[in-house]
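S.K.: Take this structure first; my questions come after.
The values are calculated or read from the model by the stated rules, or taken from the named source; none is laboratory data. These figures come from a predicted structure and were not determined experimentally. Cβ atoms come from the backbone with ideal geometry, glycine included; neighbour counts cover every protein chain shown. Protein only, heavy atoms only, side chains kept; ligands, DNA and RNA dropped before computing areas. Shrake-Rupley method; radii C 1.70, N 1.55, O 1.52, S 1.80 Å.
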Amino acid sequence: MFEDLRDLYQEVIFDHNRNPRNFRVMDNADRKVDGFNPLCGDRLTLFLKMDGDKITDASFQGSGCAISTASVSLMTEIIKDKTEAEADALFKLFHEMTTGKEEHINLEAVGKLAVLAGVREYPARVKCATLAWHTLDAALKNETQAISTE
């Protein structure tokens with residue numbers, strides 16, 4: 001069973017790295033935040049289109065390692081049509097799942113993001129996976145200052 005999960009993890013990561021979803025500049029974005037991971041060199045700009053407190057569209061531009069790209073690609077798919085509170089709750093769940101502070105995360109609650117749970121076994125990769133999410137957190141707080149994982 002563990003091998004099946006590892007294979008699924010690799011397949012999803014590779015797919016989202018090779019064919020990132022929502023990889024585009026959003027000209028009419030309501031929120032735009034830059035994120036940088038100096039350890040790995042990952043850079044991204046996250047764009048959000050809002051309707052009140054609801055995220056109606058999300059996209060990104062940038063470059064990074066496979067884990068970083070897959071994480072932001074998955075994130076932009078999942079947060080569309082979520083409220084800011086729902087997206088914030090996902091951020092908190094994802095952070096707990098990837099930092100390994102909570103052993104009993106409800107993986108069903110994070111959906112496809114569960115494939116990134118394995119990064120907690122590789123501390124150097126946690127920042128790659130969480131860069132997009134820390135950038136989202138700043139966007140949800142309507143901060144415009146660039147985010148760094150350092």
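S.K.: Determine which member of the set LEU90, LEU131 is assigned to a helix (DSSP H, G or I), aliphatic (A, V, I, L, M), at pLDDT 90 or above and more than 24 Å from PRO38 (Cβ to Cβ).
M.R.: Criteria check complete, one pass: LEU90.
S.K.: Just name the residue that is farthest from HIS134 (Cα to Cα) out of those in region 44-65 that are within 12 Å of the chain's Cα centre (by Cα) and in contact (Cβ under 8 Å) with a residue 40 or more places away in the chain.
M.R.: Across region 44-65, the extreme among qualifying residues is PHE60.
S.K.: With farther than 18 Å from ASN22 by Cα, at pLDDT below 90 and out of contact with any Pro (no Cβ under 9 Å at 6 or more places or on another chain) as the only criterion, which of LEU113, LEU107 stands out?
M.R.: Selected residue: LEU107, the only one of LEU113, LEU107 that is farther than 18 Å from ASN22 by Cα, at pLDDT below 90 and out of contact with any Pro (no Cβ under 9 Å at 6 or more places or on another chain).
S.K.: For region 24-63: of the residues being in contact with a helix residue (DSSP H, G or I) (Cβ under 7 Å, 6 or more places away or on another chain) and not aliphatic (A, V, I, L, M), which is nearest to LYS127 (Cα to Cα)?
M.R.: ASN37
S.K.: Additional query: Residue check: is ARG125 basic (Lys, Arg), without any contact (Cβ under 8 Å) to a residue 24 or more places away in the chain and assigned to a helix (DSSP H, G or I)?
M.R.: So ARG125 does not fit the description; no.
S.K.: Can you name every residue in region 1-40 that is modelled with pLDDT of 95 or more and in a strand (DSSP E or B)?
M.R.: Within region 1-40, PHE23, ARG31, LYS32, VAL33, ASP34, GLY35, PHE36 meet the criteria.
S.K.: In addition: For the structure I just gave you, tell me whether ASN142 is touching a Lys or Arg at 6+ places or on another chain (Cβ under 7 Å), open to solvent by 50 Å² or more (accessible area, probe 1.4 Å) and modelled with pLDDT under 95.
M.R.: It is true that ASN142 is touching a Lys or Arg at 6+ places or on another chain (Cβ under 7 Å), open to solvent by 50 Å² or more (accessible area, probe 1.4 Å) and modelled with pLDDT under 95.
S.K.: Among (1) modelled with pLDDT under 95; (2) open to solvent by 70 Å² or more (accessible area, probe 1.4 Å); (3) touching an Asp or Glu at 6+ places or on another chain (Cβ under 9 Å); (4) not in a loop (DSSP other than H, G, I, E, B), there is one condition ARG43 misses while meeting the rest; what is its number?
M.R.: Of everything listed in (1) modelled with pLDDT under 95; (2) open to solvent by 70 Å² or more (accessible area, probe 1.4 Å); (3) touching an Asp or Glu at 6+ places or on another chain (Cβ under 9 Å); (4) not in a loop (DSSP other than H, G, I, E, B), ARG43 misses just condition (1).
S.K.: Please work out which residue is farthest from ALA85 (Cα to Cα), limiting yourself to region 11-21 and to residues that are within 13 Å of the chain's Cα centre (by Cα) and open to solvent by 30 Å² or more (accessible area, probe 1.4 Å).
M.R.: Looking at residues that are within 13 Å of the chain's Cα centre (by Cα) and open to solvent by 30 Å² or more (accessible area, probe 1.4 Å), I get ASN17.
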